[in-house]
Amino acid sequence: MTNQHQSAQTTVDSRGIDWEQAQRATRLLLESLGENPDREGLTETWQRRLPASLETLTEGQRETAKPDMRTFEAETDDLVIKTGIPVYSLCEHHMLPYHGTAHIGYRPDETVVGLSKLSRYVRWQSRRLTIQEGLTREIADGLAEEVHADGVVVELTATHLCEAMRGVETATETTTQATVGNITATDRQRFRAAIDNHE
Ligand SMILES: Nc1nc2c(ncn2[C@@H]2O[C@H](COP(=O)(O)OP(=O)(O)OP(=O)(O)O)[C@@H](O)[C@H]2O)c(=O)[nH]1
Ligand SMILES: [Zn+2]
């Protein structure tokens, strides 16, 4: 018990990842698939590559990885629209990727945020185990809070590899939307026109 506790303590890195456990689990997974984890080509997979990849792809769980959402004084309260933000997330059901595009519209209250921060924020939020509906909602709610926005609308269109590569084996697109706060009918028309223009 004491040993286990000590070993867990020594292998947990500053970001809270237990490396020894991640390596052991990956090795075990390879073995369970009938693979030889010690064959050339696979040793670094369990020792480094997969644990390190998953550490990156789950950094949305860690506040320390959140981008600095620095804001500036707003000179307008017009809707700010950003289209075509790439999204890569992992579906929590199969831990397989889904990827696509997010579009964001927000109505500033007294502050605006640097444009690049919208893409950075979507990337950070996406890097964890999610379902698409929840991710869309969490981007909208999170941005409204970070930017102190009067209203936010988020649309996300994605293809799930759990549907494409296995299971139903159809590479379809799923679109989800979330709104928070004050988004008017005119805002929605502008948002839609910007998305249509992007596509
Ligand atoms: N609503 C929603 N469903 C998702 C998402 N990602 C994956 N899924 C679905 O989650 C469901 C899980 O269904 P289960 O029947 O438990 O799992 P399964 O046997 O692997 O199902 P199939 O994928 O149909 O083979 C599937 O229908 C997936 O398409 C998501 O982001 N949102
Ligand atoms: Zn899935």
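Read the figures in this text as sums done on the coordinates, not as results from a lab. These numbers come from a predicted model, not from an experiment. Here the Cβ positions follow ideal geometry from the backbone for every residue, glycine too, while neighbour counts run over all protein chains shown.
For Ile85, the criteria (1) in contact with a Leu (Cβ under 8 Å, 6 or more places away or on another chain); (2) of a type in the set (A, V, I, L, M, F, W, C); (3) away from ligand 1 (no atom under 16 Å from the Cβ); (4) over 22 Å from Val113 (Cα atoms) hold in every case but one, which is (4).
The strands (runs of 3 or more DSSP E) falling completely within the stretch 1-109 that include 1 or more residues that are without any contact (Cβ under 8 Å) to a residue 40 or more places away in the chain map to 71-73, 80-91. Could you tell me which of the residues Val154, Val147, Val122 is away from ligand 1 (no atom under 12 Å from the Cβ), within 29 Å of Glu55 (Cα to Cα), out of contact with any helix residue (DSSP H, G or I) (no Cβ under 8 Å at 6 or more places or on another chain) and among the β-branched types (Val, Ile, Thr)? After ruling out the rest, the residue left standing is Val147. Among residues of the stretch 152-163 being of a type outside the set (Val, Ile, Thr) and free of Cβ contacts under 8 Å to residues at least 60 places away in the same chain, the one that is farthest from ligand 2 (Cβ to nearest atom) is Glu155. Restricted to strands (runs of 3 or more DSSP E) entirely inside the stretch 110-199, those with at least 2 residues that are surrounded by fewer than 17 Cβ atoms within 10 Å (Cβ to Cβ) are 174-181.
Gln132 meets each of the listed conditions (1) touching a residue at least 40 places away in the same chain (Cβ under 8 Å); (2) more than 16 Å from ligand 2 (Cβ to nearest atom) apart from (2).
Pairing residues of the stretch 164-175 that are over 18 Å from Met95 (Cβ atoms) with residues that are among the small types (Gly, Ala, Ser), at Cβ distances under 6 Å and at least 6 apart in sequence or on separate chains, gives Ala171/Ala164.
Between Thr184, Thr174, the distinction of being away from ligand 2 (no atom under 16 Å from the Cβ) and among the hydroxyl-bearing types (Ser, Thr, Tyr) belongs to Thr184 only.
From the list Thr170, Thr186, the one residue that fits, being within 16 Å of ligand 1 (Cβ to nearest atom) and more than 26 Å from Leu54 (Cβ to Cβ), is Thr170.
Does any residue of the stretch 28-37 turn out to be in contact with a helix residue (DSSP H, G or I) (Cβ under 9 Å, 6 or more places away or on another chain), surrounded by 13 or more Cβ atoms within 10 Å (Cβ to Cβ) and either closer than 20 Å to Leu135 by Cα or aromatic (Phe, Trp, Tyr) (or both)? No.
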